[in-house]
Amino acid sequence: MSLTPQEVDEVKAQLREQVQNLPEAQKSQALQQIEALTPQAVESLVNQQREKSSSGQEKTIYRMIIDREVDSIRIAEDESALAVLEINPVSNGHTLIIPKSAVSEKSNLPADVFALAEKVSIKLMEGLGAKSIETQTETKFGEKIINLIPVYDAPLSLSSPRKKVQKSELESIAKQLEPKPKKEVIKIEKGKSLEGKVLKRKRRIA
């Protein structure tokens, strides 16, 4: 199965992430090699890296993300699915909901996966100030995933232009989505201390 241009870009982005911790000279050389890869070379590399999982199915890049073999920015997770930030987003906070068990048909997506998608959608709206979330399922690498695309003004979809972002930008977005600690408000009656004693001012004598 041939990779789409978007899938080729995503594989290259994942490869770039994997070489970030190399010594500078090696990293620079590796990045040049990655950029020089043709779509055919990327597809060949993906085919070489695929493994047989315990179920006998080919291991896709999404299975590698689930198994932490490929680095990703995780923002939510439960027993049914994982939510990660898209590395080539349509908009700020574009998130992928990846089922933990590979699904090839939308009708087979568990209800729990959509439940996580709903929770993450609320988190994206509250944390990033999005007006709405465009939810679209998509088949990539033979698997069904859910895209959550935050909409801030004009309507967006999977066909909208994408942008490449640095890992540091994604980490910054993830921090914005972290739960805010609740501040404990202590009400103190006017004229009373925390111990409940009335505060009295000392009379000044001129």
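Given the criteria within 18 Å of the chain's Cα centre (by Cα) and either over 21 Å from residue 73 (Cβ atoms) or modelled with pLDDT under 90 (or both), does residue 167 qualify? So residue 167 passes the test.
Mind checking which residues of segment 8-44 are surrounded by 15 or more Cβ atoms within 10 Å (Cβ to Cβ) and either over 16 Å from residue 86 (Cβ atoms) or touching a strand residue (DSSP E or B) at 6+ places or on another chain (Cβ under 6 Å) (or both)? Passing the criteria: 15, 19, 30, 31, 34, 37, 39, 42, 43.
Within this structure, residue 100 passes the test of being of a type in the set (D, E, K, R), crowded, with 17+ Cβ neighbours inside 10 Å and under 21 Å from residue 67 (Cα atoms).
Of the residues screened, residue 133 is not one that is modelled with pLDDT of 95 or more and closer than 21 Å to residue 17 by Cβ. The C-beta contact set for segment 53-64 (first residue over 21 Å from residue 7 (Cα atoms), second residue assigned to a helix (DSSP H, G or I) and at pLDDT 50 or above, distance under 8 angstrom, 6+ apart or interchain) comprises 53/63. Scanning segment 59-104 for residues that are among the polar types (S, T, N, Q) and part of a loop (DSSP other than H, G, I, E, B) returns 60, 72, 80, 88, 91, 92, 101, 104.
Looking across segment 105-146, the residues that are surrounded by 14 or more Cβ atoms within 10 Å (Cβ to Cβ) and either part of a strand (DSSP E or B) or at positive phi (or both) come down to 132, 133, 134, 135, 136, 137, 140, 141, 143, 144, 145, 146. Quickly run through segment 92-107 and pick out the residues that are out of contact with any Leu (no Cβ under 9 Å at 6 or more places or on another chain) and basic (Lys, Arg). Selection gives 106 alone. Just one of (1) in contact with a strand residue (DSSP E or B) (Cβ under 7 Å, 6 or more places away or on another chain); (2) modelled with pLDDT of 95 or more fails for residue 138. It is (2).
The values are calculated or read from the model by the stated rules, or taken from the named source; none is laboratory data. None of the values given here were measured: they were computed from a predicted structure. When we count neighbours, we look across all protein chains shown, and the Cβ atoms used for this are built from the backbone with ideal geometry, even at glycine.
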